[in-house]
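Chemist: Structure below; questions to follow.
The values are calculated or read from the model by the stated rules, or taken from the named source; none is laboratory data. Owing to the predicted nature of the structure, the values given are computational and were not obtained by experimental measurement. Counting neighbours? That spans all protein chains shown, and the Cβs are built from the backbone with ideal geometry, glycine included. Just so you know, the surface numbers come from the protein's heavy atoms only, side chains and all, with ligands and any DNA or RNA stripped out. Shrake-Rupley method; radii C 1.70, N 1.55, O 1.52, S 1.80 Å.
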Amino acid sequence: MLSKMATYLMGELTATSEDYKFLENMNKLTSLKYLEMKVIAVNISKNLKDLNQKSAALQPYLDQITLIEKQVAALEQAAYKLNAYSKTLEAKYKKLERG
């Protein structure tokens, strides 16, 4: 009976020991995964900072583009008005020519 009890306890201790080894390996793998994630997060942060700096450097050019777009729109409106005025003058000229 004592032998069976000893065998049972050895089995329990072995199972518990294997459970702890398994948990230890899981913890090591989790720790490595977190280190990888930290490296990725640091790289993302660095890249985001670089992109923000590049965006800030490009902002004056983007502002110039916006200004040029507004000026082109105003120029386009002036061209339409000039076209309408020239048509009016042409009509008056033709009227005077006939008349």
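Chemist: When you check N27 against the structure, is it open to solvent by less than 90 Å² (accessible area, probe 1.4 Å) and not small (G, A, S), yes or no?
Modeler: Criteria not met by N27.
Chemist: Between A6, A56, A91, which is exposed (fewer than 10 other Cβ atoms within 10 Å of the Cβ) and in a helix (DSSP H, G or I)?
Modeler: Just one listed residue meets the conditions, A56.
Chemist: Confirm whether D50 is on the phi < 0 side of the Ramachandran plot, part of a helix (DSSP H, G or I), of a type in the set (D, E, K, R) and open to solvent by less than 80 Å² (accessible area, probe 1.4 Å).
Modeler: yes
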